[in-house]
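> Starting off with a structure, shown below.
The values are calculated or read from the model by the stated rules, or taken from the named source; none is laboratory data. Remember, predicted model here, so these are calculated numbers, not experimental data. As a convention, Cβ positions derive from the backbone with ideal geometry for all residues, glycine included, and neighbour counts pool all protein chains shown.
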Amino acid sequence: MAKFFNTIRKKLIKQNEVRHYFLYALGEIVLVVIGILIALQINGWNQERKNRLEEEQYLARLHRDFEEAVRKQEEKMDWLNERLYQIEILVEVLNGREPQPEEIAGIDNAIASLWPTLRSMDRLVTLLEMRSNGKLQLIRDVDLRNALENFDLSADAYQKVIEKSLDLQLVYHKALIEPITTYKDFRTDPPGRTFAKYNLNELRANSSYKKAIEAKYWNLTLSKLQIKNHFDFTKEVKGKLTKAIKKNIEQPKAILPHQY
């Protein structure tokens, strides 16, 4: 093809038809430009198709991560509610109320556990990956993308609650441990549960112990508020992911050229 065009160009020059030659040259330029534009368009279509496929894969992975995060946080909230209930009863008993038989096990657990440890939240692997490789911009849903960008802020606030709880645990550890004797029983299920030997009347008369228990109760109560906020935000992001995936499924797929 190139040889054909070169032959025509030489023929026009020999015939001294300069005007025709310039028209021919202009036509060549136009054809080249059109070819480049078509190639760029095809390349853009292919890149867009790759982006949409990658977005779908990331959305599916994020949804799985957030489903697991919601499940773990539900378990954490149940655990925290149970601990708070046990400590609340212990506070009442320390202030003079006689415990009911069905409350004894919970009171024993509240005393033996000293200061319930709030566990750090697992960071979401897919979200960390998308932050590090810049793939978060693949998500077209602006509302969802903003929620994902703000998720770490919520997680950081949650982490600060845990750190504060650990600080208070160190402050009150001595007051909580001195009046009791703890031991582990490996015959329990799960094995190695911690139990405590104590004299209830002595605990009632111990002002430092009562102050530590009340501090533990109020710290966990305030912690629960922040943990619930993070839990609610996690569920909100999961809902946005569900909608985004559904929207992608229902959205008609653009007919794009095959990849070259």
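> Pairs under 9 Å by beta carbon, first residue more than 14 Å from R119 (Cβ to Cβ) in the range 73-84, partner assigned to a helix (DSSP H, G or I) and basic (K, R), six or more apart or different chains?
N81/K224; L84/K224
> Only residues that are modelled with pLDDT of 90 or more, surrounded by fewer than 15 Cβ atoms within 10 Å (Cβ to Cβ) and part of a loop (DSSP other than H, G, I, E, B): list them for the range 185-239, please.
N199
> Of the residues that make up the range 46-58, is at least one under 30 Å from N109 (Cα atoms) and either exposed (fewer than 13 other Cβ atoms within 10 Å of the Cβ) or not aliphatic (A, V, I, L, M) (or both)?
For the range 46-58, residues under 30 Å from N109 (Cα atoms) and either exposed (fewer than 13 other Cβ atoms within 10 Å of the Cβ) or not aliphatic (A, V, I, L, M) (or both): absent.
> Also, I was wondering about something else. Name the residues in the range 145-178 that are touching a Leu at 6+ places or on another chain (Cβ under 6 Å) and of a type outside the set (A, V, I, L, M), would you?
Answer for the range 145-178, where residues must be touching a Leu at 6+ places or on another chain (Cβ under 6 Å) and of a type outside the set (A, V, I, L, M): just S165.
> So, of the residues in the range 85-118 that are within 24 Å of D156 (Cβ to Cβ) and in contact with a helix residue (DSSP H, G or I) (Cβ under 7 Å, 6 or more places away or on another chain), which turns out to be surrounded by the most Cβ atoms within 10 Å (Cβ to Cβ)? Break it down stepwise before answering.
Start the filter on the range 85-118 by keeping residues that are within 24 Å of D156 (Cβ to Cβ), which leaves 115-118.
If we keep only those that are in contact with a helix residue (DSSP H, G or I) (Cβ under 7 Å, 6 or more places away or on another chain) as well, we get 115-116, 118.
Values: W115: 23, P116: 21, L118: 25.
Filtering first and then ranking leaves L118.
> Does at least one position in the range 128-144 carry a residue that is among the basic types (K, R), out of contact with any Leu (no Cβ under 6 Å at 6 or more places or on another chain) and part of a helix (DSSP H, G or I)? Don't jump to the end; show me each part of the working.
Initial filter on the range 128-144 (among the basic types (K, R)): 131, 135, 140.
From what is left, the residues that are out of contact with any Leu (no Cβ under 6 Å at 6 or more places or on another chain) are 131, 135, 140.
Now narrow it down to the ones that are part of a helix (DSSP H, G or I): 131, 135.
Yes: one or more hits.
> Let me ask something additional. Across the range 189-219, what is the total count of residues that are more than 33 Å from the chain's Cα centre (by Cα) and free of Cβ contacts under 8 Å to residues at least 24 places away in the same chain?
6
Conditions (1) over 28 Å from K197 (Cα atoms); (2) among the charged types (D, E, K, R); (3) modelled with pLDDT of 90 or more; (4) over 12 Å from the mean Cα position of the chain (by Cα), marked per residue:
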{"site": "G96", "(1), (2), (3), (4)": "no, no, yes, yes"}
{"site": "W115", "(1), (2), (3), (4)": "no, no, no, yes"}
{"site": "Q169", "(1), (2), (3), (4)": "no, no, no, yes"}
{"site": "E178", "(1), (2), (3), (4)": "no, yes, yes, yes"}
